[in-house]
Amino acid sequence: MTGTGIGAAVRRKEDLRFITGRGHYTDDISRPGQAYACFLRSPHAHARIRSIDTSAAANLPGVLAVLTGAELQADKIGNLICGWMIHSKDGSPMKMAPHPALAVGKVCYVGDPVAVVVAETLPQAKDAAEKIVVDYEVLPAVADPAKAKEGPQIHEVAPRNTIYEWALGDKAATDAAFASARHVTRLDIVNNRLAPNALEPRAAIGEYDAGSDSFTLWNTTQNPHVARLVISAFVGLAPEHKLRVIAPDVGGGFGSKIFIYPEEVVALWASKRVGRPVKWTCDRSEAFLADAHGRDHVTHAEMAFDDKGKIVGLRVHTIANLGAYMSTFSSSIPTYLYATLLSGQYAIPHIYCEVDAVYTNTVPVDAYRGAGRPEATFVVERLVEVGARELGIDPPELRRRNFIKSFPHQTPVIMTYDAGDYEASLRKALEIADYKNFPKRKRESARRGKLRGIGFSTYIEACGIAPSQAVGSLGAGVGLWESAEVRVNPTGSVEVLTGSHSHGQGHETTFAQLVSDRLGIPIENVSVIHGDTDKVQFGMGTYGSRSGAVGMSAIAKALDKVEAKAKKVASHLLEAAEGDIEFKDGKFIVSGTDKSATWADVALHAYIAHKFSGQELEPGLKEGAFYDPTNFTFPAGCHICEVEVDPDTGEVTIVGWTAVDDFGVVINPMIVEGQVHGGIAQGVGQALLEHAVYNSDGQLVTGSLMDYAMPRAGNLPSYKVDMTVTRCPSNPLGVKGCGEAGAIAAPAAVINAVTDAVGVEDIPMPATPQAVWSAIRSRAQPRQAA
Amino acid sequence: MPTVSMTVNGKPVSAEVEPRTLLVQFLREHLRLTGTHVGCDTSQCGACVVHVDGVAMKSCTTFAWQVEGCHVTTIEGLAKDGKLHPMQEAFREHHGLQCGFCTPGMIMAAVEMVYRKGHDLDEKTIREELDGNLCRCTGYHNIVKAIHAGARAMRDSAGA
Ligand code: FES
Ligand code: FES
């Protein structure tokens, strides 16, 4: 390992521009002559549009255009789509309702875009939007997924608001396992709805160039190529080669910037209509209405145990809220990213899961950090914890009894786990958390009048999404490989072009570490280029903790090719047989001699091409690769949360957090730990603070940061983060992925700890002081009555 | 339109702006100082924090005319003579940022925290003082570490 190679905590290359205020986020970019867009959004959750009168707005000073669904249709702009086909149990395809970028005929959620004003200045656009008169016929609405099937029908294509009724696993075998079980643990779980709230609000600048009849879109996106593909192939705004999508610095995504949203489509379209670049920047309160939310499951789950505490079966029924329209990947989240992880870290012989996806009058729901896997982990880890309590078995011990111990392991829900050591991460976490002295700490807390609890979460996730053939057979509309190109310059410096996208993950550093490690060149001599469809040929983007396992594997593959070509150049330069050239520590050596050439020599000679003829070898040193994974990767670990609860107020304080994760080979431990910290914070947010609440009329009650509780520094502890390592066998680097682990593990650990402290089976998320206080009261009453 | 005049990062500036122009708009749109960010519309996130006469202020909740004649420092003005401010260094050294969007506001808030609370900041103080700044990426762990170290480094560099 060099000082900047794989495994080194290299300080980030990207930081200089961020700490000096010189990043380039989308809203920082101004195009000459740009105009500003403001959307008029529906104030109703469900209504028919009788008429729209834009004349008063259009006549205001500075207004360049007022556009509605009618103009969208006149220009034959296509609908937004969901790219993953799911079939119901009865074989019927999911019911995808049309999703125009501006409402046509009706609105289906509060915030549904109805019209857009483009004006010289933003204040002018905002003023004009207020002058648009929309005549609505308000319809009854439904926001609660549990009531969706009985609610007013939202889309013609979907009777009973049902998108699909899907199932995975063997029902008969699972029922049989339950019939012979010694004990069954049952839980009703609501996985609370969340607003992702990346700190940078979404933004888009559309620009049409009449001279070349082509478009450019600057956009806060995690996957610019997928955006381009969808906007050209489905929305039909421009052919793919006439649309350039640039994702500059992006201020966090967490899934919410994967999707293709109405606003960027409209900004592009409007730029052609008005002949000016059009900029739209979301307000935070607008983001609550318009960004895809996460989670929102209503679940009944049962776990069956035999007399030795072995899990013999798991049965789950989930209603998943997908909101008013199907967002880009929404159908896959509560199915193949959820039910496939229900085996957790355990050898469970029989699992059966049914998922009903429903429309409601709420903003679409799609992937949010963890996407399906936090929901699965919460089900499994809550059941195991409650089961342990009911069976009188120490929770870590019950987990240990059920851990999968040999690999590969085929679960009953599709996945083949390739490697792991769950016992090792549990053992290390128990040690760091000083579990054996927990009773002492609990007594000490009790002396201060506090209730102390401890909770575990031994989670697993499937990352490195994903083998294209496998996901294709499950309904995905795209392949999930990644691409890379390594360009070596004549002076030996290197540019890496990647289809991954960094919006906080530090790819400019970790990807450069890989190159530095492999080629033996200083990390300063490597640049990582991403986020521009004109520069990078194609890519699938960053989500699902895939950029290490898939994105870096593509780079490794391209580096193999670069090395092979460079050896050919070196053989000519050193006048030796190609087979005798060794590449080591950045040098080409003729084996068994002292003849050598430096990396820079070889790079130069690849380009000046004086030492070989064109028939023998092509000049240049640039190679590309596409890497398609052969399996998912399976990061796993153990998180332990310790809390103190104030019985008088219900307030929960996290007093200890231990995370021991197995991410396989770690490229940069500093960055990986940072990912774990951030994930835990979002998981704790879900467990204790965050909740996107719609009332029964479909009004969003938590529509700003005043009402939606984001975790602040004072809500969170410092974390103890450690690792165990089993190499991932399915990719060349042995990496698994770390971006979502914390968000997946944390909610169950918190709720397990809080319920342990309070002595109840369940407290709904978020466990606010009020919810905890009520739980304490509900526990106290039966005792008093007895 | 009224004229506002102030000193921004040591340079006198003046411009005609609409009265409703916020300080953050003035900085970002008129002066093209885009390091100061807007993360919310309810004065909750702190991405917009700048110093006005040495005091941390949310520039999203301040009209440009309110700081008439004042000295405004933004993230772009923190490094002096090509040398990073110790707090900037500390954020990089301790990985106190990921996407970088909250970072300018965090650093400006942190520097002013040191002005008010001194160089020996314990974890509890730092966490309490960060109440006006949101970060969605880091879970705050490394921000707290960075501020702790940056505060000390500010003393060392002041003494040097
Ligand atoms: S922009 Fe959020 S507080 Fe100023
Ligand atoms: S680093 Fe992304 S919000 Fe703080």
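The values are calculated or read from the model by the stated rules, or taken from the named source; none is laboratory data. Worth saying up front: this structure is predicted, and the values here are computed from it rather than measured. All Cβ positions, even for glycine, are placed from backbone atoms using ideal geometry, and neighbour counts span all protein chains on display. Heavy atoms of the whole protein, side chains included, go into the accessibility calculation; ligands, DNA and RNA do not. Shrake-Rupley method; radii C 1.70, N 1.55, O 1.52, S 1.80 Å.
Within the stretch B:25-37, not a single residue is more than 16 Å from ligand 1 (Cβ to nearest atom), more than 14 Å from every other protein chain (Cβ to nearest Cβ) and surrounded by fewer than 20 Cβ atoms within 10 Å (Cβ to Cβ). Residues in the stretch B:118-134 that are more than 7 Å from chain A (Cβ to nearest Cβ), within 16 Å of ligand 1 (Cβ to nearest atom) and open to solvent by less than 40 Å² (accessible area, probe 1.4 Å): B:GLY132, B:ASN133.
Name, by its number, the condition in (1) more than 16 Å from ligand 1 (Cβ to nearest atom); (2) within 23 Å of the chain's Cα centre (by Cα); (3) not in a strand (DSSP E or B) that does not hold for A:GLU200. A:GLU200 satisfies all of (1) more than 16 Å from ligand 1 (Cβ to nearest atom); (2) within 23 Å of the chain's Cα centre (by Cα); (3) not in a strand (DSSP E or B) except (1).
Sort through B:GLU18, B:GLU93, B:GLU89 and tell me the only one that's touching a Lys or Arg at 6+ places or on another chain (Cβ under 7 Å), on the phi < 0 side of the Ramachandran plot and open to solvent by 70 Å² or more (accessible area, probe 1.4 Å).
Values: B:GLU18 fails: touching a Lys or Arg at 6+ places or on another chain (Cβ under 7 Å); B:GLU89 fails: touching a Lys or Arg at 6+ places or on another chain (Cβ under 7 Å).
Being touching a Lys or Arg at 6+ places or on another chain (Cβ under 7 Å), on the phi < 0 side of the Ramachandran plot and open to solvent by 70 Å² or more (accessible area, probe 1.4 Å) holds for just one of B:GLU18, B:GLU93, B:GLU89, which is B:GLU93.
Screening A:TRP166 against (1) part of a helix (DSSP H, G or I); (2) out of contact with any Cys (no Cβ under 7 Å at 6 or more places or on another chain) leaves a single unmet condition, (1).
If you go through the stretch B:38-78 and keep only what is within 15 Å of ligand 1 (Cβ to nearest atom) and within 7 Å of chain A (Cβ to nearest Cβ), you end up with B:GLY39, B:CYS40, B:ASP41, B:THR42, B:GLN44, B:CYS45, B:ALA47, B:THR74, B:ILE75.
Of all residues in the stretch A:200-220, none satisfies being within 14 Å of another protein chain (Cβ to nearest Cβ), out of contact with any Phe, Trp or Tyr (no Cβ under 8 Å at 6 or more places or on another chain) and of a type in the set (Asp, Glu).
For the stretch A:173-193, a residue qualifies if it is under 15 Å from A:HIS317 (Cα atoms) and open to solvent by 60 Å² or more (accessible area, probe 1.4 Å), and the qualifying residues are A:ARG186, A:ASP188, A:VAL190. The single residue among A:ALA771, A:ALA780 that is among the aliphatic types (A, V, I, L, M), modelled with pLDDT under 95 and assigned to a helix (DSSP H, G or I) turns out to be A:ALA780.
Looking for something within 16 Å of ligand 1 (Cβ to nearest atom), closer than 18 Å to A:ARG12 by Cα, open to solvent by less than 20 Å² (accessible area, probe 1.4 Å) and not assigned by TED's automatic domain parsing to the domain that holds B:ASP41 - is there at least one such residue anywhere in the stretch B:137-146? Yes, that holds for at least one residue. If you go through the stretch A:261-284 one residue at a time, do you hit one that is open to solvent by 10 Å² or more (accessible area, probe 1.4 Å), farther than 30 Å from A:GLU761 by Cα, within 19 Å of the chain's Cα centre (by Cα) and not assigned by TED's automatic domain parsing to the domain that holds A:ASP366? Looking for residues that are open to solvent by 10 Å² or more (accessible area, probe 1.4 Å), farther than 30 Å from A:GLU761 by Cα, within 19 Å of the chain's Cα centre (by Cα) and not assigned by TED's automatic domain parsing to the domain that holds A:ASP366, one finds at least one in the stretch A:261-284, hence yes.
Results for (1) closer than 17 Å to A:PRO766 by Cβ; (2) away from chain B (no Cβ under 14 Å); (3) not in a loop (DSSP other than H, G, I, E, B), shown as yes or no for each residue.
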residue	(1), (2), (3)
A:THR630	no, yes, no
A:CYS641	yes, no, yes
A:GLU673	no, no, yes
A:GLY685	yes, no, yes
A:ASP697	no, yes, no
A:LEU705	yes, no, no
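Of everything listed in (1) at pLDDT below 95; (2) touching a Ser or Thr at 6+ places or on another chain (Cβ under 9 Å), the single unmet condition for A:ALA749 is (1).
Look through A:ALA172, A:ALA176, A:ALA128, A:ALA148 and report the one residue that is under 33 Å from the mean Cα position of the chain (by Cα), outside any loop (DSSP other than H, G, I, E, B) and not assigned by TED's automatic domain parsing to the domain that holds A:GLU302. Among A:ALA172, A:ALA176, A:ALA128, A:ALA148, only A:ALA148 is under 33 Å from the mean Cα position of the chain (by Cα), outside any loop (DSSP other than H, G, I, E, B) and not assigned by TED's automatic domain parsing to the domain that holds A:GLU302.
Which residue, of A:ALA227, A:ALA247, is aliphatic (A, V, I, L, M), closer than 28 Å to A:HIS507 by Cα and within 14 Å of another protein chain (Cβ to nearest Cβ)? Walk me through it before giving the result.
On the way: A:ALA227 fails: within 14 Å of another protein chain (Cβ to nearest Cβ).
Criteria check complete, one pass: A:ALA247.
Residue-wise test of (1) open to solvent by 50 Å² or more (accessible area, probe 1.4 Å); (2) not basic (Lys, Arg).
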{"residue": "A:ALA376", "(1), (2)": "no, yes"}
{"residue": "A:VAL379", "(1), (2)": "no, yes"}
{"residue": "A:GLY392", "(1), (2)": "yes, yes"}
{"residue": "A:PRO408", "(1), (2)": "yes, yes"}
{"residue": "A:ARG427", "(1), (2)": "yes, no"}
{"residue": "A:LYS442", "(1), (2)": "yes, no"}
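Restricting attention to the stretch A:223-235, does a residue exist that is polar (S, T, N, Q), assigned to a strand (DSSP E or B), surrounded by 17 or more Cβ atoms within 10 Å (Cβ to Cβ) and in contact with a helix residue (DSSP H, G or I) (Cβ under 6 Å, 6 or more places away or on another chain)? No, the stretch A:223-235 contains no residue that is polar (S, T, N, Q), assigned to a strand (DSSP E or B), surrounded by 17 or more Cβ atoms within 10 Å (Cβ to Cβ) and in contact with a helix residue (DSSP H, G or I) (Cβ under 6 Å, 6 or more places away or on another chain). The set of residues in the stretch A:484-512 being more than 14 Å from chain B (Cβ to nearest Cβ) and either in a loop (DSSP other than H, G, I, E, B) or free of Cβ contacts under 8 Å to residues at least 40 places away in the same chain (or both) consists of A:ASN489, A:PRO490, A:THR491, A:GLY492, A:SER493, A:VAL494, A:GLU495, A:GLY499, A:SER500.
Sub-7 Å Cβ pairs linking a first residue in the stretch B:22-39 that is assigned to a loop (DSSP other than H, G, I, E, B) to a second residue that is open to solvent by 20 Å² or more (accessible area, probe 1.4 Å) and more than 9 Å from ligand 1 (Cβ to nearest atom), at least 6 apart or interchain, are B:LEU31/B:VAL13; B:LEU33/B:GLU76; B:GLY35/A:ARG22; B:GLY35/B:GLU76, ordered by first then second residue.
Working carefully through the options A:VAL676, A:VAL643, A:VAL666, A:VAL652, find the one that is open to solvent by less than 70 Å² (accessible area, probe 1.4 Å), at pLDDT below 95, β-branched (Val, Ile, Thr) and within 30 Å of A:PRO711 (Cα to Cα). Let's see the steps before the verdict.
Numbers: A:VAL676 fails: at pLDDT below 95; A:VAL643 fails: at pLDDT below 95; A:VAL652 fails: at pLDDT below 95.
Residue meeting the stated conditions: A:VAL666.
Against the conditions (1) closer than 22 Å to B:GLU76 by Cβ; (2) facing chain A (nearest Cβ under 7 Å), B:ALA110 satisfies every one except (2).
When you check A:THR4 against the structure, is it within 14 Å of chain B (Cβ to nearest Cβ) and either in contact with a Leu (Cβ under 7 Å, 6 or more places away or on another chain) or of a type in the set (Val, Ile, Thr) (or both), yes or no? Even if it seems obvious, please write down each step before you answer.
Values: within 14 Å of chain B (Cβ to nearest Cβ): no; either in contact with a Leu (Cβ under 7 Å, 6 or more places away or on another chain) or of a type in the set (Val, Ile, Thr) (or both): yes.
No.
Restricting A:THR593, A:THR658, A:THR649 to those that are part of a loop (DSSP other than H, G, I, E, B) and outside the structural domain of A:ILE555 (by TED's automatic domain parsing) reduces the list to A:THR649.
Looking across the stretch B:1-15 at every residue that is of a type outside the set (Gly, Ala, Ser) and open to solvent by 20 Å² or more (accessible area, probe 1.4 Å), the one that is nearest to ligand 2 (Cβ to nearest atom) is identified as B:ASN9.
Looking at B:ALA153, B:ALA158, which is the one that is among the hydrophobic types (A, V, I, L, M, F, W, C), away from every other protein chain (no Cβ under 14 Å) and farther than 25 Å from A:GLY679 by Cα?
Numbers: B:ALA153 fails: away from every other protein chain (no Cβ under 14 Å).
Just a single option satisfies the conditions, and that option is B:ALA158.
All of A:ALA775, A:ALA741, A:ALA757 fail the test of being buried (at least 22 other Cβ atoms within 10 Å of the Cβ), within 13 Å of another protein chain (Cβ to nearest Cβ) and more than 16 Å from ligand 1 (Cβ to nearest atom), apart from A:ALA741.
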